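Peer 1: Could you have a look at this structure, given as structure tokens, before my questions?
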Amino acid sequence: MQTAQPPKPHPLYDIIILGASGFTGKYVVKEALKFLNTPSSPLKTLALAGRSREKLVKTLQWAAHPSSPPNDVSVITADTTDPPSLSSLCNQTKLLLNCVGPYRIHGEPVVAACASSGCDYLDITGEPEFMEKMEAKYHEKAMETGSLIVSACGFDSIPAEMGVMFNMRQWVAPAVPNHVTAYVSLESDKRIVGNFATYESAVLGVANMDKLQQLRRSRPKKPRPVIPGPRLPKGPTIEYQEKIGLRALKLPSADAVVVRRTFVTLMENPHGLPGINESPEHIGKREAYWSSVKPAHFVVKIASKSLLGIYRILGVGVFIGLLCRFSFGRWLLLKFPSFFSFGWFRKTGPSEDEVRSASFKMWFVGYGFSDCNLASERNSKPDMEIITRVMGPEIGYVTTPISLIQCALIVLSQRENLPKGGVYTPGIVFGPDLQERLQENGISFDVVSKTALPSSAPA
């Protein structure tokens with residue numbers, strides 16, 4: 001029997017952004033200000049939180065430029081190593097946006113404070129171990145207190161989740177998908193430069209892969225969806241995908257992990273997760289959406305137009321894979337990120353010109369069957385291909401803030417239509433509502449082609 005929770009005092013703020021003065025945090029602030037006190041926006045009150053008041057004030061000035069900083073945006077000092085300061089934040093806001101990474105180092109105290117207080121929580125991590133650990137430790141508590149905790153609300157893994165579900169929804173019965181591969185292509189008129197925290201998270205994630213495997217072995221296995229047709233084909237290490245003109249290499253990213261977790265939750269809740277006090281209209285929308293999503297095997301690959309680009313990616317992977325096994329190797333990787341990433345990551349991050357010039361394309365190539373009965377035949381091969389595409393601006397400082405803020409606005413405007421609480425993936429929580437919002441804010445979804453395959457075609 002659940003114990004009754006004391007009523008929470010009315011929060012002062014709709015959103016507090018924690019880590020607002022960081023590389024990504026300041027762009028999240030800039031995106032949030034676009035929706036602060038606009039006529040149709042639920043965001044009426046906002047505060048910025050971090051360790052340095054001075055840096056937060058400068059962030060607000062930067063984000064508001066060329067306008068003057070809003071007088072009604074508060075600045076609060078807080079630290080992830082100071083639990084009372086985190087509890088204070090949670091008691092002052094409806095929703096906490098956590099931009100402090102790496103999350104394996106700084107994230108758990110924030111999740112713990114939110115789960116304990118009943119405050120809702122979103123973040124932009126792409127760290128599988130952190131996400132799965134938070135689900136294991138705090139899901140039950142969050143369900144009890146009514147804290148909705150959703151990780152991976154940035155480029156990891158919103159475009160992948162919404163993109164693969166967009167592809168799967170194109171398979172109209174009796175057609176069914178078997179496997180979908182996402183090809184991520186990063187483009188820029190200038191050089192592509194990533195956030196050091198992202199690079200640091202990747203290094204630490206590979207170094208601690210054994211801990212993730214240990215965590216997974218310690219948890220009860222949940223049933224996975226039954227996918228019609230053959231197992232996922234292995235394929236070559238370096239693939240040339242002729243239909244989109246790109247060479248590609250399998251990417252050990254969070255996206256495939258997050259999508260699989262969404263499908264596991266969908267197995268337990270075939271119509272999606274019901275809301276606290278859901279409107280009849282939203283119930284119908286949710287059930288129609290999830291009935292059209294047909295799970296398939298899912299793989300993510302990093303893609304490049306040139307073979308040299310692929311070898312460069314492979315080289316970075318080799319450096320990280322070899323050196324992260326040793327403490328001195330990890331020190332070298334983190335001390336000289338630009339050298340070991342061939343200039344893709346640097347501690348100063350990209351310039352504003354580099355951010356403006358960058359963009360991404362994510363192609364989803366799906367193979368399946370024109371009739372689900374064909375999938376059950378012996379030695380059957382997919383006879384249908386559907387290619388879809390998601391495109392948007394620079395991934396770390398533009399697409400990530402857009403994705404996070406749109407998720408946040410759904411929480412503020414539709415809280416009664418969302419689950420009471422728990423630790424979930426973004427797809428299962430925001431799936432029915434998020435794609436339209438992303439499209440209105442510069443991230444496009446397109447059907448490229450639907451093709452019948454000859455019986456001899458490889459898939």
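Peer 1: Run the numbers on the stretch 13-150 and let me know its relative contact order in percent, using alpha-carbon pairs under 8 Å that are six or more apart.
Peer 2: Averaging sequence separation for qualifying contacts and normalising by length gives 23 percent for the stretch 13-150.
Peer 1: Taking the DSSP beta bridges in the chain as the whole, what percent of them are antiparallel, to the nearest 5?
Peer 2: Expressed as a percentage, antiparallel bridges in the chain total about 55.
Peer 1: Same structure again: Summarise the accessible area of the chain (1.4 Å probe, protein heavy atoms) by the percent that is carbon and sulfur. Let's see the in-between values first.
Peer 2: On the way: 11590 of 20880 Å².
After summing per-atom areas, the C and S share lands at 55 percent.
Peer 1: Then there is this: Once R0 is set to 35 Å, what does the formula 1/(1 + (r/R0)^6) return for the Cβ-Cβ distance between residue 210 and residue 373, expressed as a FRET efficiency to the nearest 0.05? Mind dumping the intermediate values first?
Peer 2: Details: r = 43 Å, r/R0 = 1.24.
Calculated transfer efficiency: 0.20.
Peer 1: Something else about it: What is the distance in Å between the Cα centroid of the stretch 402-429 and that of the stretch 262-281?
Peer 2: The stretch 402-429 and the stretch 262-281 have Cα centres separated by 12 Å.
Peer 1: Sticking with this structure for a sec: Using a Förster distance of 60 Å, how high is the FRET efficiency between residue 322 and residue 416, based on the Cβ-Cβ distance and rounded to 0.05?
Peer 2: The computed FRET efficiency comes out at 0.70.
Peer 1: Per residue of the stretch 318-323, what does 6.51 cos²θ - 1.76 cosθ + 1.60 with θ = phi - 60° give for ³J(HN,Hα)? Whole Hz please, x for Gly and Pro, Karplus curve as stated.
Peer 2: 5, 3, 5, x, 7, 7
Peer 1: Follow-up. Restricting attention to the stretch 325-369, which trypsin sites (Lys or Arg not before Pro) occupy a DSSP loop and are surrounded by at most 14 other Cβ atoms within 10 Å?
Peer 2: 325
Peer 1: Note down the accessible area of residue 10, probe 1.4 Å, to the nearest 10 Å².
Peer 2: Counting only protein heavy atoms, the figure is 150 Å².
Peer 1: Just the accessible area for residue 196, please: 1.4 Å probe, Å², rounded to the nearest 10?
Peer 2: 40
Peer 1: A further question on this structure: Mind grabbing the accessible area of residue 179 for me, 1.4 Å probe, Å², rounded to tens?
Peer 2: 10
Peer 1: Using DSSP to define loop residues, name the GluC sites (Glu not before Pro) in the stretch 363-451 whose beta-carbon has at most 15 other beta-carbon atoms within 10 Å.
Peer 2: For GluC sites (Glu not before Pro) across the stretch 363-451 that sit outside H, G, I, E and B with at most 15 neighbouring Cβ atoms in 10 Å, the list reads 377, 440.
Peer 1: Would you grab the residues whose amide H sits under 5 Å from the one on residue 148? Only those 5+ places off in sequence or on another chain, please, with H modelled 1.01 Å from N.
Peer 2: Under 5 Å from the amide H of residue 148: 120, 121, 422.
Peer 1: Per residue of the chain, what 222 nm ellipticity follows from adding -39500 (n - 2.57) for every DSSP H run with n ≥ 4, rounded to the nearest 500?
Peer 2: Counting only the DSSP helices, I get -12500 deg cm²/dmol.
Peer 1: Please compute the length gained on full extension between residue 268 and residue 139, using 0.36 nm multiplied by the number of residues separating them and subtracting their Cα-Cα distance.
Peer 2: Working: separation 129, 0.36 × 129 = 46.44 nm, distance 1.53 nm.
Here the segment from residue 268 to residue 139 would lengthen by 44.9 nm.
Peer 1: For the stretch 107-113, in order, what is each residue's ³J(HN,Hα) by Karplus, 6.51 cos²θ - 1.76 cosθ + 1.60 with θ = phi - 60°, in whole Hz (x at glycine and Pro)?
Peer 2: x, 4, x, 6, 4, 4, 5
Peer 1: Tabulate in residue order the Karplus-calculated ³J(HN,Hα) for the stretch 182-192, using 6.51 cos²θ - 1.76 cosθ + 1.60 with θ = phi - 60°, rounded to whole Hz; enter x for Gly and Pro.
Peer 2: Once θ is set to phi - 60°, the couplings for the stretch 182-192 become 9, 10, 9, 10, 9, 10, 6, 6, 10, 7, 8 Hz.
Peer 1: I would also like to ask the following. Using a Förster distance of 25 angstrom, determine the FRET efficiency expected from the C-beta separation of residue 308 and residue 351, and round it to 0.05.
Peer 2: Once the sixth-power term is evaluated, E becomes 0.55.
Peer 1: Of the trypsin sites (Lys or Arg not before Pro) in the stretch 148-236, which ones lie in a loop per DSSP and count no more than 13 other C-beta atoms within 10 Å? Walk me through the intermediate numbers first.
Peer 2: Details: sites: 169, 190, 191, 211, 216, 217, 221, 231, 234; in loops: 169, 190, 191, 221, 231, 234.
Sites meeting the loop and neighbour criteria: 190, 191, 221, 231, 234.
Peer 1: Okay, next question. If I take every Cα pair under 8 Å that is 6 or more residues apart in the chain, average their sequence separation and divide by the length, what percent do I get for the relative contact order?
Peer 2: Worked out over the chain, it gives 22 percent.
Peer 1: Turning to a different aspect of this structure: Return the long-range amide H neighbours of residue 448 (sequence gap of 5 or more, or a different chain), with a cut-off of under 5 Å between placed amide H atoms.
Peer 2: 387, 388, 389
The values are calculated or read from the model by the stated rules, or taken from the named source; none is laboratory data. It should be emphasised that the depicted structure is a prediction, and the values quoted were computed from it without experimental measurement. Neighbour counts run over all protein chains shown; Cβ positions are idealised from the backbone, glycine included. All accessible areas refer to the heavy atoms of the entire protein, side chains included, with ligands and DNA or RNA removed. Shrake-Rupley method; radii C 1.70, N 1.55, O 1.52, S 1.80 Å.
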